[in-house]
């Protein structure tokens, strides 16, 4: 290890992060770096070419470093840089941006809701930056329209149902008055003048831009494909392979992933049957049906569901010190998903806080269609998204302030298998922590585990084996997922090929690392120390996790 080599590597990582923020200014907003809060990404062909040149040059510079001369922290940071870069170059090679031009999950229609969550406009300078960003929406959406229409001409289009969901979402946004939209979210209620200024920009610039985007979507719609899987596209197998790698950080064959899902689901179904028998039922479906019929499995109101979630968040926070030596500096906040987009969104999701702690992590909960969202599922969702799941893992990652920003904030850019794997691992860990209040909540946890196993089956079924939507929904329902959630989930897999694989693949790897650590340490094994060590390592590609945790002895 030499000081000069470490200096070169850290300099590369610092320059790389700075350029990432320039290319992806929303990333800066997300982590609390406000310098580029007046900008939006450049999705144009010029922007794509510029990004490709940057990533290729970065990869070459990283390859020239002598890894043997680097300390562990710097070596892992450079490996993270390389993983992010390869993922980005692969995405450009397959022009995945053409699919991203539409999307009901994380597409352009979500922009204002995301800014309402991430950005602040509570000082004159912040307000100016926010207004400048809003004024850039027209150019941003215009470039996306060009990409989408070019994709339509080339036949690289999204499925019709994704186009239809996107159209519906944008129509619901435009049905709102600007003053009632999420676009006002960053401006404090007390700043009347600022809110009037932003409302004017929304009305005069943003709403017309979204109207133009909606018009493009309707012109694009006849070109959308009836098929739902990537295998229907030219080079679809290679595209799907790249998305599997992008999300899992592993090179996996779809059929192998499918087989893992089948095996995992069968094992979990056995656990469900055991609990059902203990409740006096032949199968889990009967136990849940009786619970549902009793009325005890449905929240009485949106406020009731939100209150239950807040109680779960606090209870898990209070129980954590027995299982973790290091906790986040603060608990997360809980919010309902906005009504204009709730019908397209999953049961819940998490937004990280800022690195400086000025905005806490946010746990969003879907409070729509309460009769279709069984309460016995709620606890495992909370422990996945909040504590000890995403909020713990991401917050602790960010709180290693002596690390380079790329390492603190950029881990998930390499792939989400570690992050989502930790969330799913946390659902099981919550059982060890005694957080499930009854057997129905434990049954809900197992249904959630089965749901993620079914994702391996369904995602690969859709994109590699030719499954249709109804068969995919039926498989999710077989795993215990309510119909309304199964429909949203399947449409998510259709829209985001490969993303759903990250959860179970990541969980299995973390569990394997834990089992190995227990075997090596024997009676000296400390679960608290193991968790601290895994979370100290941070969000890394799974091969890096496997190698760095390989000796297991200190865990």
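Among the conditions (1) in a helix (DSSP H, G or I); (2) in contact (Cβ under 8 Å) with a residue 12 or more places away in the chain, the only one that residue 470 does not satisfy is (2). Within the range 222-234, being at pLDDT 95 or above and over 27 Å from the mean Cα position of the chain (by Cα) holds for 222, 223. Screening the range 10-39 for residues that are modelled with pLDDT under 95 and over 24 Å from residue 139 (Cα atoms) and picking the one that is farthest from the chain's Cα centre (by Cα) gives 32. In the condition set (1) more than 25 Å from residue 272 (Cα to Cα); (2) buried (at least 22 other Cβ atoms within 10 Å of the Cβ), residue 307 is compliant with all but (2).
Hey, does the range 179-193 have a residue that's outside any helix (DSSP H, G or I) and touching a strand residue (DSSP E or B) at 6+ places or on another chain (Cβ under 9 Å)? No, the conditions are met nowhere in the range 179-193.
Residue by residue, here is whether (1) farther than 27 Å from residue 33 by Cβ; (2) under 15 Å from the mean Cα position of the chain (by Cα); (3) buried (at least 19 other Cβ atoms within 10 Å of the Cβ) holds:
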| residue | (1), (2), (3) |
| --- | --- |
| 345 | no, yes, yes |
| 360 | no, no, no |
| 381 | yes, yes, yes |
| 396 | no, no, yes |
| 400 | no, no, no |
| 406 | no, no, yes |
| 409 | no, yes, yes |
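A single member of 494, 457 is more than 15 Å from the chain's Cα centre (by Cα), more than 23 Å from residue 374 (Cβ to Cβ) and either in a helix (DSSP H, G or I) or at pLDDT 95 or above (or both), and it is 494. For the range 411-423, state whether one or more residues are surrounded by fewer than 24 Cβ atoms within 10 Å (Cβ to Cβ), in the same structural domain as residue 357 (by TED's automatic domain parsing) and out of contact with any helix residue (DSSP H, G or I) (no Cβ under 6 Å at 6 or more places or on another chain). Within the range 411-423 (the criterion being surrounded by fewer than 24 Cβ atoms within 10 Å (Cβ to Cβ), in the same structural domain as residue 357 (by TED's automatic domain parsing) and out of contact with any helix residue (DSSP H, G or I) (no Cβ under 6 Å at 6 or more places or on another chain)), the answer is no, since none of the residues qualifies. Tell me which residues, restricted to the range 62-74, are crowded, with 17+ Cβ neighbours inside 10 Å and either assigned by TED's automatic domain parsing to the domain that holds residue 344 or without any contact (Cβ under 8 Å) to a residue 60 or more places away in the chain (or both). Scanning the range 62-74 gives a single hit, 62. Among the conditions (1) surrounded by fewer than 19 Cβ atoms within 10 Å (Cβ to Cβ); (2) farther than 29 Å from residue 174 by Cα; (3) in contact with a strand residue (DSSP E or B) (Cβ under 8 Å, 6 or more places away or on another chain), the only one that residue 332 does not satisfy is (1).
If you check 3, 82, 69 for being over 30 Å from residue 199 (Cβ atoms) and at pLDDT 95 or above, only one passes: 82. If the condition is being over 24 Å from the mean Cα position of the chain (by Cα), surrounded by fewer than 16 Cβ atoms within 10 Å (Cβ to Cβ) and either within 18 Å of residue 325 (Cβ to Cβ) or at pLDDT 90 or above (or both), then the range 520-553 contributes 520, 522, 523, 524, 526, 528, 547, 553. Listed conditions (1) outside the structural domain of residue 453 (by TED's automatic domain parsing); (2) buried (at least 21 other Cβ atoms within 10 Å of the Cβ) are all met by residue 225, apart from (2). Filtering 315, 335, 291 for residues that are outside the structural domain of residue 170 (by TED's automatic domain parsing) and part of a strand (DSSP E or B) leaves a single hit, 335.
Count of the range 196-213 residues, restricted to those that are buried (at least 18 other Cβ atoms within 10 Å of the Cβ) and without any contact (Cβ under 8 Å) to a residue 60 or more places away in the chain, is 2. Does the range 404-417 contain at least one residue that is over 18 Å from residue 81 (Cβ atoms) and touching a residue at least 12 places away in the same chain (Cβ under 8 Å)? Taking every residue of the range 404-417 in turn, none turns out to be over 18 Å from residue 81 (Cβ atoms) and touching a residue at least 12 places away in the same chain (Cβ under 8 Å).
Taking the listed residues 109, 103, the one that is within 23 Å of the chain's Cα centre (by Cα), at positive phi, surrounded by 21 or more Cβ atoms within 10 Å (Cβ to Cβ) and not assigned by TED's automatic domain parsing to the domain that holds residue 402 is 103, with no other qualifying.
Each row is one residue, and each column tells you yes or no for (1) touching a residue at least 60 places away in the same chain (Cβ under 8 Å); (2) touching a helix residue (DSSP H, G or I) at 6+ places or on another chain (Cβ under 7 Å); (3) over 21 Å from residue 200 (Cβ atoms).
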| position | (1), (2), (3) |
| --- | --- |
| 134 | yes, yes, no |
| 137 | yes, yes, no |
| 143 | yes, no, yes |
| 155 | yes, no, yes |
| 159 | yes, yes, yes |
| 163 | yes, yes, yes |
| 173 | yes, yes, no |
| 177 | no, no, no |
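So which residues in the range 220-240 are touching a helix residue (DSSP H, G or I) at 6+ places or on another chain (Cβ under 7 Å) and assigned to a helix (DSSP H, G or I)? Working first, answer last.
Within the range 220-240, the subset touching a helix residue (DSSP H, G or I) at 6+ places or on another chain (Cβ under 7 Å) is 220-221, 223-226, 228-231, 233, 236-237, 239-240.
Selection gives 220, 221, 223, 230, 231, 236, 237, 239, 240.
Taking the criterion of being part of a loop (DSSP other than H, G, I, E, B) and surrounded by 15 or more Cβ atoms within 10 Å (Cβ to Cβ), the residues of the range 1-49 that qualify are 24, 32, 33, 37, 38, 39, 40, 41, 42, 43, 44.
Mind checking whether some residue in the range 155-163 is on the phi > 0 side of the Ramachandran plot and over 25 Å from the mean Cα position of the chain (by Cα)? Yes - at least one qualifying residue is present in the range 155-163.
The values are calculated or read from the model by the stated rules, or taken from the named source; none is laboratory data. Bear in mind the structure is a predicted one, so any value in this text is a computation, not a measurement. Every residue, glycine among them, receives a Cβ derived from its backbone with ideal geometry; neighbour counts consider all protein chains shown.
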